[in-house]
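Beneath this line is the structure, given in structure tokens, with notes to follow.
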Amino acid sequence: MAEEAMVNDSSVQDQWGQICSQLKNEVGDTAFESWLKPLSIGSFSDGVMNICVPTRFMRNWVITHYSDRIHKIWEKKNPAIKNINFVVQAAREETPSLYNPTCRSLLKKITSTPAPQNIYQSGINSIIANNNDGALNDSLSVPLNPQYTFENFVVGKTNEFAYAAARKVAESRNISFNPLFLYSGVGLGKTHLMHAIAWHIKQQDPTRNIVYLSAEKFMYKFVRALRYKDTTAFKEQFRSVDVLMVDDVQFMGGKDTTQEEFFYTFNSLIEEGRQIIISADKSPADLEGIETRLKSRLGCGLVADIHPTDFDLRMGILNNKAQQLGVELPTKVAEFLAQKITSNIRELEGALRRVVAHSQLLADKEITLEMTQDVLKDMLRSYDKRTTIDEIQKKVAEYFNISVKEMQSSRRARTVARPRQIAMYLAKQLTSRSLPEIGRKFDRDHTTVMHAVRKVEELIVEDASLAESIDALKRTLEA
Ligand code: ADP
Ligand code: MG
């Protein structure tokens, strides 16, 4: 009886609150938001406290990583609690915080508007409606992906700043940063965040005219306008834009007339107090082939980068995507994937999708570690030995005692041309890049690469010492 009294008291909630803040300090915000925040207190009897966990996946994770610690802290606070039991039960919150483990602390600092829940369906409709109601959006904007919402964006240490900045721009009535410049390597969430901003703004105010397009599309439209001597109409299109988003501006590198037009559009929109959001694969200062004045304009608002993922974020993403796909992902499998597939989120998602598809096609075959390893065998093999063209150029140049610059130059002297051909050959052999992609890295077209590959294949047969060199290079590159 005494025990019951001790735990049925509202003090238990208080104790849980205290335990949570202690754990938060110990494990950090990201882990806390992802794994511990979604827990809630259940019933208590015979010295056993039940704690509710929204999914089986989370239960396994929490038991492995946190149960001892929770038990220890709680025992100290309340000796009546002898044991802790984790039970799977949907969270009480309407939207489980697991689904959107936002970096609340950071967000609170810069925004006070609460995030509206579930803009999802209405957001889609309003965008579609808006896309249909004028020629403007039809011709300029590209359709948005309904999956790319803030709700579906998993936040971790590596992307929390970019996420908070995106949310702030989406939620503010007044312009806070202009432009917002997002940058990162591929597959890390830039496009996702831009679409999320668009959905959110649309949801709040369907009358706002949002244009999202890639830099390539901007270029294409502009060049076409030039060809048809119709640049006035082109410029006119941007006049009523409230929010302009241009994705992947690195593609404007070296395209001077397009840049000039973009610079003009950019400046006039900013002057009129319209919001601009830009993404690229590098920071404004590091963009190649972009005019200095444009670079400095691009960097004059808020620049936010997304870093490569860390293990916790990859686990969070797998957890989230598995839930969306409605599958149980054993912790072992998730850990395996999160350890192996570290390049970017797109590839991580792709791997998970393959495993899930495989299990569903085989009449709901259970997802196991063995099955995962088997399904992803080829992918992991090529992944393990993945080398980049940059690395190949560097190693080959070193080996032949020339510089990478020379290798990419137009020099045709044998001392430079031969190593260049070998590097092209190795790029074809060791990477999954296409001939044009390889060519670009050497400032050549694909026929030159094709020729180089053939040439080196011949040489390998004719020249044993060269064959040996190439073999040695291959081994160092694959090591
Ligand atoms: P980028 O534009 O940087 O190349 P994307 O925005 O296209 O990357 O993201 C690649 C994929 O990874 C998309 O399917 C996207 O939904 C997903 N993704 C990226 N970041 C996250 C995240 N934080 N949470 C959930 N999914 C993400
Ligand atoms: Mg993108």
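The values are calculated or read from the model by the stated rules, or taken from the named source; none is laboratory data. Note that the structure is a prediction, hence the values are computed from the model and not measured. Because the Cβ atoms are built from the backbone with ideal geometry, glycine has one as well, and the counts that use them run over all protein chains shown. To get the accessible areas, we keep the full protein, side chains included, count just its heavy atoms, and leave off ligands, DNA and RNA. Shrake-Rupley method; radii C 1.70, N 1.55, O 1.52, S 1.80 Å.
Applying a threshold of 6 Å to beta carbon distances and a minimum spacing of six or more residues, or different chains, the list of pairs starting in the range 299-310 at a residue that is of a type in the set (Ser, Thr, Tyr) and ending at one that is within 12 Å of ligand 1 (Cβ to nearest atom) reads THR309/THR158. Checking each residue in the range 189-198 for being in contact (Cβ under 8 Å) with a residue 60 or more places away in the chain and open to solvent by 10 Å² or more (accessible area, probe 1.4 Å) picks out GLY189, LYS190, THR191. Pairs meeting the criteria (first residue in the range 320-335 and within 16 Å of ligand 1 (Cβ to nearest atom), second residue open to solvent by 30 Å² or more (accessible area, probe 1.4 Å) and aromatic (Phe, Trp, Tyr), beta carbons under 7 Å, at least 6 apart or on different chains) are ASN320/TYR99. Of the residues making up the range 172-186, those that are modelled with pLDDT of 95 or more and open to solvent by 10 Å² or more (accessible area, probe 1.4 Å) are ASN178, TYR183.
For the range 430-454, a tally of residues being surrounded by fewer than 16 Cβ atoms within 10 Å (Cβ to Cβ) and either basic (Lys, Arg) or assigned to a helix (DSSP H, G or I) (or both) returns 8.
The residues of the range 260-315 that are open to solvent by less than 50 Å² (accessible area, probe 1.4 Å), within 16 Å of ligand 1 (Cβ to nearest atom) and part of a helix (DSSP H, G or I), listed by number, are LEU313, ARG314, MET315. For the structure I just gave you, tell me whether GLU370 is of a type in the set (Asp, Glu) and either buried (at least 18 other Cβ atoms within 10 Å of the Cβ) or under 30 Å from HIS307 (Cβ atoms) (or both). Criteria not met by GLU370.
In this structure, LEU348 qualifies as under 30 Å from ASN159 (Cα atoms) and open to solvent by less than 50 Å² (accessible area, probe 1.4 Å). Examine the range 293-303 for a residue that is within 16 Å of ligand 2 (Cβ to nearest atom) and under 26 Å from LEU144 (Cα atoms), and state whether such a residue exists. Scanning the range 293-303, I find no residue that is within 16 Å of ligand 2 (Cβ to nearest atom) and under 26 Å from LEU144 (Cα atoms), so the answer is no. A count restricted to the range 199-212 and to residues that are farther than 14 Å from PHE153 by Cα and within 16 Å of ligand 1 (Cβ to nearest atom) stands at 1. Among the residues of the range 329-359, those that are more than 18 Å from the chain's Cα centre (by Cα) and not in a helix (DSSP H, G or I) comprise LEU329, PRO330. Within the range 21-52, the residues that satisfy the criterion of being farther than 24 Å from PRO79 by Cβ, outside any helix (DSSP H, G or I) and open to solvent by less than 30 Å² (accessible area, probe 1.4 Å) are GLY28, PRO38. Which residues, taken from the range 156-182, are closer than 18 Å to PHE251 by Cα and near ligand 1 (Cβ under 9 Å from one of its atoms)? The one that is closer than 18 Å to PHE251 by Cα and near ligand 1 (Cβ under 9 Å from one of its atoms): LEU182. For VAL243, the conditions (1) open to solvent by 40 Å² or more (accessible area, probe 1.4 Å); (2) in contact (Cβ under 8 Å) with a residue 40 or more places away in the chain all hold with the exception of (1). Of the residues LYS395, LYS365, LYS321, which single one is away from ligand 2 (no atom under 16 Å from the Cβ), within 23 Å of the chain's Cα centre (by Cα) and open to solvent by 30 Å² or more (accessible area, probe 1.4 Å)? When all the criteria are applied, what remains is LYS321. VAL169 falls short on exactly one of the conditions (1) under 14 Å from ASN320 (Cβ atoms); (2) surrounded by 19 or more Cβ atoms within 10 Å (Cβ to Cβ), and that condition is (1). Which residues, counting only those in the range 373-386, are surrounded by 15 or more Cβ atoms within 10 Å (Cβ to Cβ) and at pLDDT 90 or above? Scanning the range 373-386 gives VAL375, LEU376. Taking the criterion of being farther than 12 Å from PRO143 by Cα and of a type in the set (A, V, I, L, M), the residues of the range 195-221 that qualify are ALA196, ILE197, ILE201, ALA215, MET219.
For the range 193-201, the criterion of being closer than 18 Å to LYS282 by Cβ and in the same structural domain as GLU271 (by TED's automatic domain parsing) is met by at least one residue.
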